[in-house]
Each structure stands twice: as C-alpha cells, then as structure tokens.
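All remarks here apply to the structure that follows.
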C-alpha cells in the first residue's frame, strides 16, 4: 500500500529500531558509478566484498543492481573473497550510485502487531550535488512493493546517514545537515523535528553542530557521533590541536556533555580518536572510525592504514561484548567520500 499524505501522518505504534536490534538483512546498492571513485573504482570491490562476507555470517545481504551483467560481476567478486552466496539475494532495482544508507529504505516496525513498513523520504543527492539521482530516489518504494509492505512518503528530503537512534525514543542529528537550505528550505527546526518524531517514532531530537572536514553530505552524524546502546555514544575527537577538525569535534563533545536523555540521564560518552588525515589528489577525505556498521554478529569498522586503527578497534570492542569488532581497510573506499555505514541500510527483524 502506498501512502502519500497531504498532511503530516503519525505512524502510531511504529518506530525505527536501533542498529544493534536484530536484523533480517542488510541492504546494499552495488557500486558502479565511476565518477564516485574516479580512477579507483576497481580497487574498492575487494574490501566491499569482504564487508559482505562478514555480514553473511549473521544475516542475509540484499543487493540492488542494474542488470544480469552487473549481477554476474558481483557474484565473481564475492566468490573471490569466499562470501556465503546462499545468504546473498539480488534485486533488479537499478541505482545511480552506491550510498544505500541515504537512498535506501527506512524500515520501521510495530512490535505489538509484528508489522513492518517503509518510509520513503525524498532524496536529492545531498542538496542536488550529484545528479542524476532519479533511480536512487525510488528504491524504497520499489522494495516496499516487492515485499508487499506499506510505504509512507513524508514529502521531504531526509538521509539515513543524517540520523542515529538509541532505540529508546531518541534520535541524534546535526543542524549543519538537516537545517541546510539545500534540503528543505521551507521548513524550520521545529517542523523538521515534527517529521522526525512522526515518521521515525521518536520522542526526542538531540542536535549537534557541524560535521567533519571533507564530508560532502554537509555534516552527517554517522561520521562523528553514534549510539552504541540506549545511554551511550561514541564520538570522534581530533587530538592534534592544529588539525582543522579539532575545534569542530571539541564543540560537539562539549554539546554532548550538556545533553539529557528522556529519563533525565546524561549520556555516557566514549571518545574515539580520528585517523590520520587521508588525502587523494590533494583532497581531504572524510575518514572517520565512526562510520562503522553494527551487524548481527559483528561491528565492521573502516580502517585507514594508520597507527590509530588498532586503538579504535580496541576502544569499540568492549562496547559490543556480543559481537566481534572487525576492521576492514577503507582507504580506497573513502575516496568515494563515505564508508561502510554510508553504503548499507539495515532491515530490522520484527
């Protein structure tokens, strides 16, 4: 069923689960746009398929792709790393690009009725930066129709990487992204909060400020601060005071310390170092350990061939005692200006 509200709906009983809640599957869109990795796209397939291999140890992986030729290529790449193809499903849903976190389906669930639905937010490639994006924009509805799920269209732009959830009624986001005039210039902060509460099923919106240097999404939360349980966040900090990220991330840290959750508690804050700066063709890339993905049996963390890689993994492992924390080299993938969290979108189990 396709719902296109003329006024703002409230999805009563539905909510967007925390990422660590059980998944049925992880959704991906197979990378094929050479302009996203100019001169490097062939180097990303091995780490990308290693990511999929780890995912299949605990859940299904559902991949959007363009045609049979792309499917055959994907299968060959997955076989090369020994991924479990019995847990990989392919869907003939063509895309413009690979960033499924932002253009993919936002699954919401109703625990009481055991129902699942999809919210199809508008998608404009981060403020019309990378047209065309018409194929990406319709992916959520295509998936909903294939699985016979209700689909809701709020009618505003919203990206999955701009929001992070604690599963207890709170969403974390940034003013730099959600209040940017290239998204929803007709809406103010209070109105955007209304959409978040009504369609994601949250009661509280917590706002941070700016994102990291090099982030072309205008400050996605999934590069800076992430919930790891209902009360705890990890947030990246830059230890080099002369680095251009230093003050941005200190301001975010200071803001986090003032926040209170719905029950009045302060956040537990765990500091995560930033990697050494990563450059390609003179461009600083948005390399961050915060762009990890929480799968059913693992937490997959981007690494960048630097001394802080091991520190980041050691900090994250105790936060996920029931999962293995695994680093995968993302030095080539980050040339596309995103990593594993940006590339994936979870489908929760009901």
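So here's what we get for this one:
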| item | result |
| --- | --- |
| Residues of the stretch 78-129 that turn out to be over 26 Å from residue 155 (Cα atoms) and without any contact (Cβ under 8 Å) to a residue 40 or more places away in the chain, as a count | 12 |
| Flag if residue 135 is in a helix (DSSP H, G or I), free of Cβ contacts under 8 Å to residues at least 60 places away in the same chain and over 30 Å from residue 260 (Cβ atoms) | yes |
| The one condition in (1) more than 30 Å from residue 150 (Cβ to Cβ); (2) surrounded by fewer than 18 Cβ atoms within 10 Å (Cβ to Cβ); (3) touching a residue at least 12 places away in the same chain (Cβ under 8 Å) that residue 22 fails to fulfil | (1) |
| Which numbered condition residue 300 misses (of (1) buried (at least 23 other Cβ atoms within 10 Å of the Cβ); (2) out of contact with any helix residue (DSSP H, G or I) (no Cβ under 6 Å at 6 or more places or on another chain); (3) part of a strand (DSSP E or B)) | (2) |
| Residue pairs meeting the criteria (Cβ under 8 Å; at least 6 apart or on separate chains; first on the phi > 0 side of the Ramachandran plot, in the stretch 316-337; second surrounded by fewer than 21 Cβ atoms within 10 Å (Cβ to Cβ) and not in a strand (DSSP E or B)) | 337/36; 337/214; 337/216 |
| Given (1) on the phi < 0 side of the Ramachandran plot; (2) outside any loop (DSSP other than H, G, I, E, B), number of the condition residue 126 does not satisfy | (1) |
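Each value in this text was obtained by applying a stated rule to the coordinates, not by laboratory testing. Keep in mind it's a predicted model, so treat the numbers as computed, not measured. With ideal geometry, Cβ positions are generated from the backbone for all residues, glycine too; neighbour counts draw on all protein chains shown.
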